[in-house]
Amino acid sequence: MATLTVTQNFGKGACDLGVYRSLGGYASLGPRLFDLSQFELIDLVSRSGLRGRGGAGFPTGMKWSFVPRNSGKPVYLVVNADEGEPGTFKDHVLMLEDPHRLIEGMLICGWALGVRTAYIYVRGEFLPAIEALNRALKQAYDAGILGENIQGTGYSLDIYVHRGAGAYICGEETALINSLEGYKGQPRLKPPFPAVSGAWASPTCVNNVETLMALPWILENGPAAYQALGTPKSGGTKVFSVSGDVKRPGVYEVPMGTPLMELLESKDLCQGIVGELKGVIPGGSSSPVLLAEEARKANLDYEALAALKTMLGSGAVIAFNTTRNAVGMLASLTRFYAHESCGQCTPCREGTGYADRILKSVVAGKGRDGDLEHMLDLAANFSYTTICPLAIADAWPIENFIGKFRPEFEKAVSANPGHASPRMDDDFRPGAFW
Amino acid sequence: MSNSYHMPVLPKPDGKKVTINVDGRDVEVPEGTNLVEALKTIGIATPHFCYHPDLPVAGNCRQCMVETDGPRGMGLAIACYTPVRAGMKVATDHSSEKVKTARKAVMEFQLANHPLDCPICDKAGECSLQDNYMSAGGQTSRMREGIGKQYKGSPENRHQDSKGQDRGGKHLDLGPTVILDQERCILCDRCVRFMRDVAGSEQLYIAGRGDHAFLSTFPGSELSHEYDLNVTDVCPVGALTGKHFRFHQRVWNLVSTQTIDPTDSLGANITVDHYDGQAWRIMPRRNPDVNKSWIHNDTRLAYQKLSENRLAAGLFGKNEIPLSQATSRLGELVRGARKLALVASGHLTLEDNAAILALAQFLGSRAEVFGGSWLPVGKPDNIARSGDPVPNRLGQKLLGIADNLDELVRRAKEFDVLVVVGHDLWKIAPSKAKALEAIPERIVLSAWHDDSVAKATLSVGIRSWAEVRGTMVNCQGRVQMMQAAPILPSPDLEPAWQILSSAGRLGWTSELDAFRFAQGRIPALAGLTYRNIGPMGRILEGVVA
Amino acid sequence: MGHCHTKVDQPSTDEVFSKLEIPSVLERAEELVRRYPVPRSALLPMLWLAQEVLGWLPQEAIRWAAGKCEVSPVHAYGVSMFYTMYKKEPTGRFFLQICQNVSCHVLGAEDIIAHAEKTLETTSHGGTTSDNLFTLLRVECLGACGNGPVMQVNDDFATDVVDGALAMPTGVSLTKERFDKIVAWCRQQAKSQQKEPVRDASGGAFRTGGHPGAKGANTAAQKPDYAPAPPVLGLSVQKTEDGKVKVTWRADAGVSALHLENRTNGTEFISLATLTGKDKEWVGELPAGTELRMVSESQGRRAKPSNIAKVEA
Amino acid sequence: MARTVPRPEMTLAEKAYVPEIVKGLKVTMGHFLRGLFTPETLPVQSYPETPSVIPRNYRAKHRLMKRPDGEPRCVACMMCSTACPANCITIQAGESADDRIEKKPVKFEIDLLVCVFCGLCAEACPVDAIRMDTRIVALAADSREKFKVGLKDLMSWEPKDYPDNDTQSQKAPGGLLNAEAKKQWGIS
C-alpha cells in the first residue's frame, strides 16, 4: 500500500472530532505550526512541491507568496469546493469522509497568510457534505480549535460554509469570488488577480479542497518526504476520481507519476476495465481524450500528460469501452458546456450553444455534410477569445473527439439520407416571415 | 456585475504620450489609456459593443480583439481592457489575420441569436451590429433549420411565430418611456451598467445564463428613472428603444444639428435630429466635460414642443397680424415710448440679450433693462443637470443685466411700454407678473402661445431655441454654441435679436454683429469667434471660481 | 428550478412575507448577514434560507432576500435566475434529479431517464406527476460520477434504499430496479410523514462573532503579529573568484533589518554587519572556518537565528 | 473626321419613277387587301380591341402584397422610400395589432405622376411587400391628387389575376393558398 497523504482516514468515521484526533488529527495545532513564522510556512509548502489540485496545477507555495500580508486589508481564504467538472467527485468524498482534515488544512493556510475569515464555497448539490462540514465546524468551535485567539496564540480564524446554487462556472476562482460576494458567478477580468484584489477587493487565496487537505501530512512529515512521493516536478500524491467503465469506480489516491493503466487495472484500485478499453478522459470532461493505446503510455503527472497533449486537470479519469458511442458522449459534453456557459462573453455564450445545436441535429439524424468542419471551426473560434477557460474546455473535447473518433461522427452525419443536400432550400427568401 | 469593473482612462488633451508599435509602425499615443482609446487617437477605429467611454469596462463582447505581445508572445487581448504600455506591440486587423478571424467569429456568434428584423428596428442605420458586421463580419451564413436561432427572452414572453419558430420577448413595455425587444439584445450589459453606475438606481439586470440569458427588470416592476432614456442610446442594438421615437422615422433620413440643452444651465450638449423640416428627436452629444454622454429625459423630449402651439405670426390684441406688420408696430411703440422697460431672458442666447442691451443703449435714458429669473435653482444631479432651469443665467449676468425683476414689479407704474423677450413671466410667477399689467403697452416676443402672450397687447413670434444660431454661457462658465436647425414652422420667423435690431434701427445683419456687441460687454469673450468656440465650447477664464 | 421555464402563479407579498418575517427566520437572516463584510454577499445564503422556508422561491421571496441583503430587487432576481438550484416554481414533494452528463451517460443514464418518464408518466424536463409527489428533472453533473448513473432525491444522493433510508453506497449505481425501489420508498415516506423535514444548509448550528466590522458582528480583526517573526532561511556561503566570501539567503519581504553575525572556534556570535531588508547578498573577507548566522528584525521583533553556515577553506 | 458615304447609284428604271411608284402601290394594296380579308395575319396589334400582352416583369403600376388576413405585408421599413430616386413614396408607420408583426404602415402613398417606374422600390423591399407586376400601364385620372395612390388602392387586387404558382399572391384573401396560410398563421 502506497503512502496516503489525504485519504488515510477514509472509512474510519473521521467525521467525528474525537475519532479524527485519535487518528492523529489536529496534531499540527501545536508547536509544529505555532512556532513557524508565516515566511517559513510558505517556504515549507513551496519546497514540498505541492501543486494546486483543482485543475490548473499552479504551485501552491508560489500562489501563497503572491498574497500581500501587509496591505492593510484583511486576507481571505476561500476554499474551492465547487466541484462541478463532469467526472470529478473527489472533493465531495473528501469532505464527507474527513471534514476535519480540511479544517486543519485551512488553519495551516490561514496561519501562513494571516487569514481572519475563511469561506468554504461548496457546490449546492453537496448538501450532505455541507452538513458534514457544519457538524465538524461546530465541533471545532466547541473545542476551541476555531474562533478567536485559537489556543492562546492570538491567532483567530472563522470558517463559514457558503453554499453555491448550481453553476459550474463558479469553480473558476474569480467567478467563485463573485458568487461569494453575492453576484452572478461570472468570471472577472484579470488583472487584478485575486491574490492582490479578490473578494471584497482584498487579497484572497483560493485553494482546492484536496490541496489544503494535503497540508497536515506535509507539516507532519516534512516537505522533502512529500516531494519524494511523486515525480521531481509534481510532488506528492494525487487523489483521482475514476468513473465510467471500470470494475470498481471510486476515489483513489496514488503517487504522482503512477501509470494510468495501473490506476485502472491494479487490484487494489479499479480492478480493471469492463469490456475493451476504447479511450480515457484523464482529467475531467474538458481535458482532451486519450485513445486506448495512448492511455497505455500515459503516466499520471502534469508533465507526462502534457506531453500527450492532454492534462491532469482535477484528476477525473473517465474510462469508456468500445461499446460506447463517441458522438453521444460528445453531445452530452457540449450540452453541458452550453448549459453552464455563464453568458458573459459572446463567443462562449453563443458559440457553445451553437455547437451544441449542430451536434444535436447530427444526433437526431439531421446532420449535413460540413457539420463537423463547422463545429471544429466554431470550436477554434470560441477558444482563447474569452475571459475564462470554459470555452476552451468545450473546444478541446470537440476537437479531440471529432479528431480521434472521426469515422463515428461521419457515420452519424450520413445517417441523414439528405446529408449531402445543399444548406438552404431553394425557395428560401430572406425575411419570408414578414 | 462585480467590483472588478473599472472606469476607462480617457486621453487628456495635454496628457503624456508614450510610443507603441501598431501594425509595425511606431506611433505616439496617450499614456495610461486603453487600446481602444489609444488607437482612436491615431485614427484606427476598433469595433466594439460593450465598451463605452463613460461606463465601467465590462469586456464581455470580445469584439475589440487585437493582438498584443505578452510573456507568451503575441496573443489576442481585448483592446478595451488592455492598457497602453510603452514599447508594446499591437497588431490590429490591418496586419493580423488572427484578429480578423477573431472579430469575424464574434460577429457570427453575435448574429447567431439575433433576429433579422432590421426593417422594423428603429436602431437600423445607427446600429453597432450593422456597422461592425460591415467592417469585421461579412461571412456567409452557415445557419440552417434546426441549428438556428434560440430566441432570447424571459419564459413568460415566449411565443411561436407562424413558422413554428420559438421567439420571445418582443416589444415588452418596460416602463413609461422604454420598450424592450429581448430577442435583439446582445447582452453587452451597457444598460445595466448605466442604470447602476451612472443613474445610481439598479433597475435592469441580465437574468439567466448562457445564450438564454435575457435582460429584465424585476418582474412586475417598471424601468422608471428621469435618465432612463439614455439606455436607448447606450444600447448598441435595437433592444431598448424609446417610446417617443418608436416607428416615427428611420434614422438614416435624419440630419443632426448641434446645439445645447435649453432647459438647464449645465447646457448639456445635444443634437436636434430633423428631416423634412421637422425635428424628430434629440440625442445627446458627447462632451466629456459637460454632460458626458447623458441627457435628462425632459431635455430629450423638448423637441416635441418645437412644433406645438407655436406663435408663427404676430398678435395685436387677439387678432393675428403678419409678422412684418407686428415688427414695424413694435418698432413704433418702442421708439415712441416715454419710459420703456425691457425684460431680458436667461432662456435666450447672448446675442438676443445683447440686442436688448443695444436697444436700451439706442433709446438712452428712456429705456431700462431688467433681468434675472423667478425660477428657483435646484440641486445638481451630477449627471447632466445643474438644477438651474435658466440655461443662460450666467451669460445674462456677464452682460451686466441685474437680477431685478422684483424691482420692475415694484416700479411697474413708472413705465408706459413693457417689452418681454422670450421670458414667460406670467407662467413662472403669475401673481408677481400681475402687477405688470398696470403698464399700458405690453409687448411680448415669444416663440410659443404662452401665458405672457395671452396678457400682451402686442405679440411677435420669434424663432425657438432650436432654430437660432448663437451662444450661451453655462453654469461652469463655458460658452457654448447653438446651431440653427431648418425646422421653422413659418419661414417668416426671425430670431429675437433681429426684431430688436430693426426696432432699434441697429442695422445688425447677422448674429455675429450681436456677438461682437456682447464681446464688448464681456471681456472674457475677447478673441473668441464662433469657429474657435467649437462644438465642445470654451471655458471663459475667471468667470467661475 | 432554472431549467424549467413556465409561467407560475405568484403568491402575494403579504402571504410570502408573513412566512418569512418571523423571529426564527429573521434571526437566521441576521446571522447570515453577519458572516460577510457587506450584507450583499449574504444574498445566496439568504435565497437558500427563503427557499428552505417556503419550499420554492417566489418572486416576493426574492424581493425579501434583496431587502435583507440591501441590494436592489432586480439584482437578486438576476442572481437567482443565474443559479439553477433556486426553484422558481413549486416542485412535487420529491424532486428527482437524474444526472445525464458524460460519466452517467456512458453507463446508461438515458435508459433510466426514459424508464423514469414512463413509470412516473411525466417529462424529464421538470414535469410533475399528477399526484404532486414527484418532479422529474434531468440535470448536468451531480458530482457523484463514481456511482453513475446517479440521482438526487430532494437534497440527498440516492442510488439505493438501505435500511429504510436513501443511500448511495460506494460503487452502487442507479438501475431501473433501484429507481423503482426508491420511488416506492418515497411513496411510503409520503404516507408516513406529512411533510419533508427542513434541512439547515446554512449551519445555524453554531454561532460565531461574525466577520469583523460586519453589521451586527462583535469580533476583532486579526492581530498583526500572531506568528513568530520571520527568520532568515537558506543561509549559504560561497567563495567568489577573487577569494572573497559571498553570503546569500532568503528573507521575508517585510523584514526591516538583517544582522549578520559570525564566530570562530565555537565562541559567542558577534555582529559582523547590519543590512537592510532589501539586501540580497553580502560580500566580504572572512577567514576559513568562520561560522555565520543571520538574525532578522521586523518591526522591532527579532526572529530566531538562521541556520549556521561555515566558510569553507 | 467625317466619313463619306457614297450614294447608291440608281438604275434607269428607278430614275424613271413610275415603275417604282407602281411597285410601292403593289405593296400597299397587298397590305390593304390582307387587312380587308385576312386581318389575323397582320403583324400589328389591334389596340384597343385586342388588349396588349404585357410581361409580368414589366414595371407597371405598384401593388402592395397582402398577408393571409388581408393586412399589408409591408412593415413600413421605408427602404423603398429611401431607395426611390424620385422621392414619390410617403410612408407613416404605426403599431400593428398582431404581436408577431409589430410594425405596419398607417399611410403608404405613391405619387404616380412623380414615379419614374425604375423598380428600385421593389428591389429594395426586404419583405417582398411592394411589387410592380400588376401589368397596369394605362394610368389615367382627372386630377393630380388622384394620382397619389394610397394603401387602399395599392391593395385592391385580386389573387385570381395572378398565376397560381405565385404563392405569395395566392396566400392573400381569396387566393388558392389562403386557407392553408391562415391555418399556419393561427388566424381564423
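The values are calculated or read from the model by the stated rules, or taken from the named source; none is laboratory data. This one's a predicted model, so the numbers in the text were calculated from it and none came from an experiment. In this analysis, Cβ positions are derived from the backbone assuming ideal geometry, glycine residues included, and neighbour counts consider all displayed protein chains. Accessible surface areas use protein heavy atoms only, side chains included; no ligands, DNA or RNA. Shrake-Rupley method; radii C 1.70, N 1.55, O 1.52, S 1.80 Å.
Given the conditions (1) surrounded by fewer than 18 Cβ atoms within 10 Å (Cβ to Cβ); (2) away from chain A (no Cβ under 12 Å); (3) in a strand (DSSP E or B); (4) of a type outside the set (Phe, Trp, Tyr), and given that C:Gly266 satisfies all but one, which numbered condition is not satisfied?
Just one mismatch for C:Gly266, condition (3).
Out of everything in region D:162-188 that is of a type in the set (S, T, N, Q) and not in a loop (DSSP other than H, G, I, E, B), what residue ends up being nearest to the other protein chains (Cβ to nearest Cβ)? Show your work before the answer.
We begin by selecting, within region D:162-188, every residue of a type in the set (S, T, N, Q); these are D:165, D:167-170, D:178, D:184, D:188.
From the residues that got through so far, the ones that are not in a loop (DSSP other than H, G, I, E, B) too are D:167-170, D:178, D:184.
Details: D:Thr167: 8, D:Gln168: 9, D:Ser169: 14, D:Gln170: 14, D:Asn178: 14, D:Gln184: 6 Å.
Applying the filter and picking the extreme gives D:Gln184.
With respect to B:Leu500, determine if the residue is part of a helix (DSSP H, G or I) and closer than 30 Å to B:Asp416 by Cα. Steps first, please.
On the way: part of a helix (DSSP H, G or I): yes; closer than 30 Å to B:Asp416 by Cα: yes.
Here the answer is yes, as B:Leu500 does meet what is asked.
So, in region C:168-196, of the ones that are aliphatic (A, V, I, L, M) and in a loop (DSSP other than H, G, I, E, B), which residue ends up most open to solvent (accessible area, probe 1.4 Å)?
Filtering region C:168-196 for residues aliphatic (A, V, I, L, M) gives C:168, C:172, C:174, C:182-184, C:190.
Filter once more, so that each one left must be in a loop (DSSP other than H, G, I, E, B): C:168, C:172, C:174.
Working: C:Met168: 53, C:Val172: 30, C:Leu174: 4 Å².
Filtering region C:168-196 for residues that are aliphatic (A, V, I, L, M) and in a loop (DSSP other than H, G, I, E, B), the one most open to solvent (accessible area, probe 1.4 Å) comes out as C:Met168.
Please state which one of B:Ala79, B:Ala45, B:Ala58, B:Ala38 is open to solvent by less than 10 Å² (accessible area, probe 1.4 Å), of a type outside the set (D, E, K, R), within 30 Å of the chain's Cα centre (by Cα) and away from chain A (no Cβ under 14 Å).
Details: B:Ala79 fails: away from chain A (no Cβ under 14 Å); B:Ala45 fails: open to solvent by less than 10 Å² (accessible area, probe 1.4 Å); B:Ala58 fails: away from chain A (no Cβ under 14 Å).
One residue alone meets the criteria, B:Ala38.
Give the residues of region A:179-200 that are more than 10 Å from chain C (Cβ to nearest Cβ) and either crowded, with 23+ Cβ neighbours inside 10 Å or under 22 Å from C:Ser72 (Cα atoms) (or both), sorted by residue number.
Our first condition is that a residue be more than 10 Å from chain C (Cβ to nearest Cβ); within region A:179-200, this holds for A:187-198.
Hits for region A:179-200 are A:Pro187, A:Arg188, A:Pro194, A:Gly198.
Is there a residue being open to solvent by less than 10 Å² (accessible area, probe 1.4 Å), in contact (Cβ under 8 Å) with a residue 60 or more places away in the chain and either touching a helix residue (DSSP H, G or I) at 6+ places or on another chain (Cβ under 8 Å) or acidic (Asp, Glu) (or both) anywhere in region B:132-152?
Looking through region B:132-152, at least one residue is open to solvent by less than 10 Å² (accessible area, probe 1.4 Å), in contact (Cβ under 8 Å) with a residue 60 or more places away in the chain and either touching a helix residue (DSSP H, G or I) at 6+ places or on another chain (Cβ under 8 Å) or acidic (Asp, Glu) (or both).
Is it the case that region A:114-121 has a residue that's within 21 Å of C:Ala217 (Cβ to Cβ), facing chain C (nearest Cβ under 10 Å), out of contact with any Pro (no Cβ under 6 Å at 6 or more places or on another chain) and not in a strand (DSSP E or B)?
yes
What residue, of C:Val79, C:Val74, is over 30 Å from A:Val75 (Cβ atoms), within 11 Å of another protein chain (Cβ to nearest Cβ) and open to solvent by less than 40 Å² (accessible area, probe 1.4 Å)? Break it down stepwise before answering.
Numbers: C:Val79 fails: over 30 Å from A:Val75 (Cβ atoms).
Testing whether each residue is over 30 Å from A:Val75 (Cβ atoms), within 11 Å of another protein chain (Cβ to nearest Cβ) and open to solvent by less than 40 Å² (accessible area, probe 1.4 Å) leaves just C:Val74.
Please verify whether region B:290-300 includes one or more residues that are open to solvent by 70 Å² or more (accessible area, probe 1.4 Å), in contact (Cβ under 8 Å) with a residue 40 or more places away in the chain, in a helix (DSSP H, G or I) and at negative phi. I'd like the intermediate steps shown before the answer.
Narrowing region B:290-300 to residues open to solvent by 70 Å² or more (accessible area, probe 1.4 Å): B:292, B:298.
From what's left, in contact (Cβ under 8 Å) with a residue 40 or more places away in the chain: B:292, B:298.
With in a helix (DSSP H, G or I) added as a condition, the list becomes B:298.
Right, trim to at negative phi and you get B:298.
Yes, there is a match, as at least one residue in region B:290-300 is open to solvent by 70 Å² or more (accessible area, probe 1.4 Å), in contact (Cβ under 8 Å) with a residue 40 or more places away in the chain, in a helix (DSSP H, G or I) and at negative phi.
Note down all Cβ pairs under 6 Å where the first residue falls in region B:1-29 and is loosely packed, with under 12 Cβ neighbours inside 10 Å, the second is at pLDDT 90 or above, and they're at least six residues apart or on different chains.
B:Met7/B:Pro56; B:Lys16/B:Glu31; B:Asp26/B:Thr19
I'd like the residue in region A:98-145 that is without any contact (Cβ under 8 Å) to a residue 12 or more places away in the chain and touching a helix residue (DSSP H, G or I) at 6+ places or on another chain (Cβ under 9 Å) and, out of all such residues, is most open to solvent (accessible area, probe 1.4 Å).
Looking at residues that are without any contact (Cβ under 8 Å) to a residue 12 or more places away in the chain and touching a helix residue (DSSP H, G or I) at 6+ places or on another chain (Cβ under 9 Å), I get A:Asp142.
Please determine whether any residue of region A:161-172 is of a type in the set (Asp, Glu), in contact with a Phe, Trp or Tyr (Cβ under 9 Å, 6 or more places away or on another chain) and open to solvent by 10 Å² or more (accessible area, probe 1.4 Å).
Step one: filter region A:161-172 for residues of a type in the set (Asp, Glu), giving A:172.
Still in the running and in contact with a Phe, Trp or Tyr (Cβ under 9 Å, 6 or more places away or on another chain): none.
Scanning region A:161-172, I find no residue that is of a type in the set (Asp, Glu), in contact with a Phe, Trp or Tyr (Cβ under 9 Å, 6 or more places away or on another chain) and open to solvent by 10 Å² or more (accessible area, probe 1.4 Å), so the answer is no.
Scan (1) open to solvent by 10 Å² or more (accessible area, probe 1.4 Å); (2) within 12 Å of chain C (Cβ to nearest Cβ) for the single condition A:Asp91 breaks and write down its number.
Single failed check for A:Asp91: (1).
For region A:319-332, state whether one or more residues are within 9 Å of another protein chain (Cβ to nearest Cβ), touching a residue at least 24 places away in the same chain (Cβ under 8 Å), under 16 Å from the mean Cα position of the chain (by Cα) and outside any loop (DSSP other than H, G, I, E, B).
No, there is no match, as no residue in region A:319-332 is within 9 Å of another protein chain (Cβ to nearest Cβ), touching a residue at least 24 places away in the same chain (Cβ under 8 Å), under 16 Å from the mean Cα position of the chain (by Cα) and outside any loop (DSSP other than H, G, I, E, B).
Being more than 14 Å from chain C (Cβ to nearest Cβ), touching a helix residue (DSSP H, G or I) at 6+ places or on another chain (Cβ under 9 Å), closer than 28 Å to A:Leu372 by Cα and surrounded by 20 or more Cβ atoms within 10 Å (Cβ to Cβ) is the requirement here; does B:Ala124 meet it? Don't jump to the end; show me each part of the working.
On the way: more than 14 Å from chain C (Cβ to nearest Cβ): yes; touching a helix residue (DSSP H, G or I) at 6+ places or on another chain (Cβ under 9 Å): yes; closer than 28 Å to A:Leu372 by Cα: no; surrounded by 20 or more Cβ atoms within 10 Å (Cβ to Cβ): yes.
So B:Ala124 fails the test.
Got a number for residues in region A:13-59 being open to solvent by 40 Å² or more (accessible area, probe 1.4 Å), without any contact (Cβ under 8 Å) to a residue 12 or more places away in the chain and within 14 Å of chain C (Cβ to nearest Cβ)?
2
What is the number of the single condition among (1) more than 7 Å from chain A (Cβ to nearest Cβ); (2) open to solvent by 20 Å² or more (accessible area, probe 1.4 Å) that C:Arg199 does not meet?
If we test C:Arg199 against (1) more than 7 Å from chain A (Cβ to nearest Cβ); (2) open to solvent by 20 Å² or more (accessible area, probe 1.4 Å), just (1) comes out false.
Sort out which residues of region B:387-411 are open to solvent by less than 20 Å² (accessible area, probe 1.4 Å) and under 27 Å from the mean Cα position of the chain (by Cα), and write them in order of number.
B:Asp388, B:Val390, B:Pro391, B:Asn392, B:Gly395, B:Gln396, B:Leu399
What are the residues in region A:146-160 that are surrounded by fewer than 22 Cβ atoms within 10 Å (Cβ to Cβ), assigned to a loop (DSSP other than H, G, I, E, B) and at the interface with chain C (Cβ under 8 Å from one of its Cβ atoms), if any?
Within region A:146-160, A:Glu148, A:Thr153, A:Gly154, A:Tyr155 meet the criteria.
Among D:Arg34, D:Arg56, which is exposed (fewer than 14 other Cβ atoms within 10 Å of the Cβ), part of a loop (DSSP other than H, G, I, E, B) and not small (Gly, Ala, Ser)? Don't jump to the end; show me each part of the working.
Working: D:Arg34 fails: part of a loop (DSSP other than H, G, I, E, B).
Of the residues listed, the single one that is exposed (fewer than 14 other Cβ atoms within 10 Å of the Cβ), part of a loop (DSSP other than H, G, I, E, B) and not small (Gly, Ala, Ser) is D:Arg56.
From the set of residues in region A:262-275 that are within 13 Å of A:Phe240 (Cβ to Cβ) and open to solvent by less than 70 Å² (accessible area, probe 1.4 Å), which is farthest from the chain's Cα centre (by Cα)?
A:Ser266
Please go through region A:206-260 and give me each residue that is more than 21 Å from the chain's Cα centre (by Cα), without any contact (Cβ under 8 Å) to a residue 24 or more places away in the chain and within 14 Å of another protein chain (Cβ to nearest Cβ), ordered by number.
A:Arg248
Go through region A:207-240 and give me each residue that's open to solvent by less than 10 Å² (accessible area, probe 1.4 Å) and not in a helix (DSSP H, G or I).
Within region A:207-240, A:Asn207, A:Ala214, A:Ser234, A:Gly235, A:Gly236, A:Thr237, A:Lys238, A:Val239, A:Phe240 qualify.
Anything in region B:63-76 that is buried (at least 16 other Cβ atoms within 10 Å of the Cβ) and among the basic types (Lys, Arg)? List them, or say none.
Correct list: empty.
Within the set of pairs 6+ apart or on separate chains, which have a first residue in region A:372-398 that is within 18 Å of B:Glu97 (Cβ to Cβ), a second that is assigned to a loop (DSSP other than H, G, I, E, B) and not small (Gly, Ala, Ser), and C-beta atoms under 8 Å apart?
The qualifying pairs are A:Thr385/A:Cys345; A:Thr385/B:Arg62.
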